[in-house]
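K.L.:
Would you mind keeping the following structure in view while I ask a few things?
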Amino acid sequence: MDIIYKLILVLHFIGVAMLVGGFLSQMGAKPPLVTHWMRDGALTQLITGFALVGIAPNLEGGEPFDNAAVGTKLLIAVIVTGLALFGMRQDPEKQKPYWAAAGALAIINILVAVFWVAA
Ligand code: HEM
C-alpha cells in the first residue's frame with residue numbers, strides 16, 4: 001500500500017507541474033489563455049488528492065489528515081477546476097481573469113499543502 005500511496009503522491013506532484021506550468025507558460029501571452037494543461041492538472045489534483053486522503057489512514061502507522069486543511073484544499077481545487085473548465089470556453093480575449101484566478105489559487109493551494117496539510 002505504501003508503494004501505491006507514494007506513486008499517487010508522485011502523480012499529485014505531476015498534477016501541480018501541469019497546473020502551475022500551464023499557468024506560467026501563459027505569462028506575458030497576449031491574451032493569456034486557460035490551457036488544457038491547467039484543466040488536466042486541476043482534475044489530476046482532485047483525483048489524486050482524494051486517493052491520498054483515502055489511503056493515508058490505511059498505511060502502516062498512517063493517520064488521517066487534518067480535515068480542515070484537506071477541506072480547504074478541496075474547496076480551492078474545486079474552484080480552480082471550475083475556473084479552468086469554464087475559462088477555456090470563453091473567447092480568448094475574455095480568458096485572462098479565469099487564467100489569473102486559477103493560477104493564483106493553485107499557488108495558494110501549494111502554500112496550504114506545505115504549511116498546513118503536510119505540517
Ligand atoms: C490545486 C490543487 C492542489 C495543489 C496545487 C496541491 C498541491 C500539493 C503539494 C505541493 C503537496 C506536497 C506538500 C508537501 O509534501 O509538503 C500536496 C500534498 C497533499 N495533497 Fe494536494 N494539492 C491540490 C489538491 C489536493 C486535493 C483536492 C486534496 C484532497 C482532496 C489534496 C490532498 C493532499 C494530501 C493528503 C497531501 C499530503 C501527501 C503527503 O505528504 O503524504 N491535494 N498537495
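K.L.:
Quick check on my filter: what residues within segment 40-67 are within 23 Å of Ala84 (Cα to Cα) and open to solvent by 70 Å² or more (accessible area, probe 1.4 Å)?
P.N.:
Going residue by residue through segment 40-67, those that are within 23 Å of Ala84 (Cα to Cα) are 40-52.
The answer is Ile47, Phe50.
K.L.:
Something else about it: Here is a check on your reading of the model: is Phe13 surrounded by fewer than 14 Cβ atoms within 10 Å (Cβ to Cβ), part of a helix (DSSP H, G or I) and under 14 Å from the mean Cα position of the chain (by Cα)?
P.N.:
Values: surrounded by fewer than 14 Cβ atoms within 10 Å (Cβ to Cβ): yes; part of a helix (DSSP H, G or I): yes; under 14 Å from the mean Cα position of the chain (by Cα): yes.
It is true that Phe13 is surrounded by fewer than 14 Cβ atoms within 10 Å (Cβ to Cβ), part of a helix (DSSP H, G or I) and under 14 Å from the mean Cα position of the chain (by Cα).
K.L.:
Within 26 Å of Met1 (Cα to Cα), β-branched (Val, Ile, Thr) and open to solvent by 30 Å² or more (accessible area, probe 1.4 Å): does that describe Val70?
P.N.:
Details: within 26 Å of Met1 (Cα to Cα): yes; β-branched (Val, Ile, Thr): yes; open to solvent by 30 Å² or more (accessible area, probe 1.4 Å): yes.
Yes; evaluated as a whole, the condition is true for this residue.
K.L.:
For segment 83-103, give me each residue that is part of a loop (DSSP other than H, G, I, E, B) and surrounded by fewer than 18 Cβ atoms within 10 Å (Cβ to Cβ). Break it down stepwise before answering.
P.N.:
The first filter runs over segment 83-103 and keeps only residues part of a loop (DSSP other than H, G, I, E, B), leaving 89-91, 95.
Matches in segment 83-103: Arg89, Gln90, Asp91.
K.L.:
Kindly indicate whether Ala106 is part of a helix (DSSP H, G or I), in contact (Cβ under 8 Å) with a residue 24 or more places away in the chain, surrounded by 17 or more Cβ atoms within 10 Å (Cβ to Cβ) and in contact with a Lys or Arg (Cβ under 6 Å, 6 or more places away or on another chain).
P.N.:
On the way: part of a helix (DSSP H, G or I): yes; in contact (Cβ under 8 Å) with a residue 24 or more places away in the chain: yes; surrounded by 17 or more Cβ atoms within 10 Å (Cβ to Cβ): yes; in contact with a Lys or Arg (Cβ under 6 Å, 6 or more places away or on another chain): no.
Here the answer is no, as Ala106 does not meet what is asked.
K.L.:
List every residue pair whose Cβ atoms sit under 6 Å apart, with the two residues 6 or more apart in sequence or on different chains, where the first one lies in segment 13-32 and is farther than 11 Å from Gly103 by Cα and the second, anywhere, is surrounded by fewer than 14 Cβ atoms within 10 Å (Cβ to Cβ) and not polar (S, T, N, Q).
P.N.:
Cβ pairs passing all conditions: Pro31/Pro92; Pro31/Glu93.
K.L.:
Filter segment 26-39 down to the residues that are part of a loop (DSSP other than H, G, I, E, B) and either surrounded by 15 or more Cβ atoms within 10 Å (Cβ to Cβ) or in contact with a Ser or Thr (Cβ under 7 Å, 6 or more places away or on another chain) (or both) and list them by number. Steps first, please.
P.N.:
We begin by selecting, within segment 26-39, every residue part of a loop (DSSP other than H, G, I, E, B); these are 26-35.
Gln26, Pro32, Leu33, Val34, Thr35, listed by residue number.
K.L.:
Same structure again: Could you please find all residues in segment 73-82 being open to solvent by 60 Å² or more (accessible area, probe 1.4 Å) and out of contact with any Leu (no Cβ under 9 Å at 6 or more places or on another chain)? Break it down into steps so the answer makes sense when it comes.
P.N.:
So in segment 73-82, the residues open to solvent by 60 Å² or more (accessible area, probe 1.4 Å) come out as 74-75, 78-79.
If the condition is that a residue be open to solvent by 60 Å² or more (accessible area, probe 1.4 Å) and out of contact with any Leu (no Cβ under 9 Å at 6 or more places or on another chain), then Leu75 is the only one that fits.
K.L.:
Then there is this: Of the residues that make up segment 58-81, is at least one part of a helix (DSSP H, G or I), more than 12 Å from the ligand (Cβ to nearest atom) and either under 12 Å from the mean Cα position of the chain (by Cα) or modelled with pLDDT of 95 or more (or both)?
P.N.:
no
K.L.:
Filter segment 109-119 for residues that are without any contact (Cβ under 8 Å) to a residue 60 or more places away in the chain and among the aliphatic types (A, V, I, L, M) and give the result.
P.N.:
Within segment 109-119, Leu111, Val112, Ala113, Val114, Val117, Ala118, Ala119 meet the criteria.
The values are calculated or read from the model by the stated rules, or taken from the named source; none is laboratory data. The structure displayed is predicted, hence computed values, not measured ones. Quick reminder, even Gly has a Cβ in these numbers, built from the backbone with ideal geometry, and neighbours come from all protein chains shown. The area values use the complete protein model at the heavy-atom level, side chains included, leaving out ligands, DNA and RNA. Shrake-Rupley method; radii C 1.70, N 1.55, O 1.52, S 1.80 Å.
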